[in-house]
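Before any comments, here is the structure.
The values are calculated or read from the model by the stated rules, or taken from the named source; none is laboratory data. Just so you know, these numbers come straight off a predicted model, no measurement behind them. Every residue, glycine among them, receives a Cβ derived from its backbone with ideal geometry; neighbour counts consider all protein chains shown.
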Amino acid sequence: MEWRIVYTDRAFKEEKIKETKLSEPKYKIPFTQNELKVLILPDDDTRQQALNNSYIKDWLFEYPTEIPIIATVSECLQF
């Protein structure tokens, strides 16, 4: 499964979508740690890789007012 964010002029003007000036990704959706409430990863191996990645770990836990729920797809099957 994947999410697709539809580009709109309004979102771009409101800076909800920003151009990166890179070849990939061309656009990003800026948000802060405190705006992230749930992070769902494919499996536990991916979760462990993410939590062991210094860039991700530093960003997630730098200044959060609350730590997001970090779950796997199988943990979310009953939702």
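Things worth noting here:
- Yes/no for Thr65 being in a helix (DSSP H, G or I) and polar (S, T, N, Q): no
- Long-range neighbours under 6 Å by Cβ, at least six apart or interchain, first residue at pLDDT 90 or above within the stretch 57-73, second of a type in the set (Asp, Glu) and in a loop (DSSP other than H, G, I, E, B): Thr72/Asp43
- Qualifying residue in the stretch 39-61 (condition: in a strand (DSSP E or B), basic (Lys, Arg) and surrounded by 10 or more Cβ atoms within 10 Å (Cβ to Cβ)): no
- Residue count for the stretch 20-33 satisfying the condition of being at pLDDT below 90, surrounded by 10 or more Cβ atoms within 10 Å (Cβ to Cβ) and out of contact with any Pro (no Cβ under 6 Å at 6 or more places or on another chain): 5.
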